[in-house]
Amino acid sequence: MGDRRAGFTARRKARGFTQEGLATAVGVEFSTVGRWERGSLTPQPWRRARIAKALGVSLDDLATLLGEDPADGSQGLSRGGTGRAPSGRTPDALLPASGSPMSAMSDTGGPAERGDGPPVPAGHLGSLTVTVPPPRRIGRSEVEQVKLMTSTLATSENLYGGGMAGEAGAAHLRWASQLLDAQASTAVRAGIFEAVGNLAGVVAFSAFDVGNHDAATRCFRFGLWCAEQGGCWELRAATLADLARQAIYLGNVDEALSSIEFAQVRADRLTATARAMIGNVRARLLAVLGRDDEARAEVDRADAHFAERQPEADPPWLVYYDEAEHAGSSARALTSLALAANRPGEAADRLRTAIQLHSDVYRRSRAFSRARLATLHMAVGDPLEAALVGRRAVEDARMLHSRRMDEELATLVRACQRHRAIPEVAELVELLTHPTAD
């Protein structure tokens, strides 16, 4: 079928997308686009509306690019973004037997394979908006509503990555930002700025997680402005630390240094947990700069701060920073020391601690720790242990929609190459490079 997909590849290139770029646009792994183009995998129905939008074609045209016959009716309800169903019926009128989401389910209750039924009519919702004017005056109840939104989104992100949380969170943030203009008491005004700023941080990190760095930066900056307007020193410091993380990830070392230094201004106003978190970000930055001795000293200071923490005094945005998170975060700074010493050492010990302590609520964090431990052992430790840990990382990552996680696993694949002769390592590489699900 590969030759029949040449049109798909040509259209992708004509739109200026690399395979990686199209993967980001439609929310799939990089390898999935290649499999679509080779003909070894066909996009599932619920993905097609997004693929068609990215390529600037109708669903019929997309079917043609995929080497299918759109006349067979298998491509579903929407035609060219009109949102109409065959024979002029709207999706609302369709019964389960003839095209609702239920008809796209298999006899076992799972999603049907392509050809078992028409796709979910996602195009029908493409321009859907629900306009709710904000209240003219707000009180504590609106502040609590924003906090609840934030908590729910953060839980989703920790479990499944930034995919769904990012898009849903952006809608919440747009609405919540209107509350900042409402009349409120002085105390409520400070509270709403803090709550909306925290929401902005969650949305920003979701965007960061899926690789949308422009959106992430805009939301981080908006959250920083909210923190400053509300006089919330703790939120200001946490947001600056997140900006530093993003800058490190993007290789903007000078920007990262500026952000983390600003985060440490008036550290006496921060809780011990916040000082530990910021200290480990700075330690990681020092390690990136090759200043290993300073990184080691910064980790020691962060450990000392963490030993003094009082969780009950921490603000909501630091709830995640527990013993597991501290162990995993500090291990990142210590990894360069482990590589220099040619043994896993303390970095591996801390990653194992993080893996043991992370609950299922923080599946993404546990997946990162497992992937990093596997990569470290592939580099300077036991490749058999690395293969075992790596398989567990793949299990944790299976339900994640996270560009950062994809890249972490790609790093593990590269680390595996020197040990490909070991059967267990070869099996891990196969598992990483040929996922079983779209």
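The values are calculated or read from the model by the stated rules, or taken from the named source; none is laboratory data. Keep in mind it's a predicted model, so treat the numbers as computed, not measured. Neighbour counts run over all protein chains shown; Cβ positions are idealised from the backbone, glycine included.
Key figures
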read-out: Residue within the range 315-333 that is without any contact (Cβ under 8 Å) to a residue 12 or more places away in the chain and either assigned to a helix (DSSP H, G or I) or of a type in the set (D, E) (or both) present; value: no
read-out: Entirely in the range 157-245, the helices (runs of 4 or more DSSP H) that have 3 or more residues that are aromatic (F, W, Y) and farther than 23 Å from F30 by Cα; value: 213-229
read-out: Residue that is nearest to R398 (Cα to Cα) [pool: residues in the range 333-380 that are surrounded by fewer than 19 Cβ atoms within 10 Å (Cβ to Cβ) and of a type in the set (S, T, N, Q)]; value: S359
read-out: First in the range 43-66 and at pLDDT below 85, second anywhere and of a type in the set (S, T, Y), Cβ under 8 Å, 6 or more apart; value: A49/S78
read-out: Hey, L388 under 29 Å from D293 (Cβ atoms) and part of a helix (DSSP H, G or I) or not; value: no
read-out: Count - residues of the range 1-47 that are in a helix (DSSP H, G or I) and over 27 Å from L431 (Cβ atoms); value: 8
read-out: Answer from T433, T411, T375 - the residue that is β-branched (V, I, T), within 25 Å of the chain's Cα centre (by Cα) and farther than 24 Å from L334 by Cα; value: T433
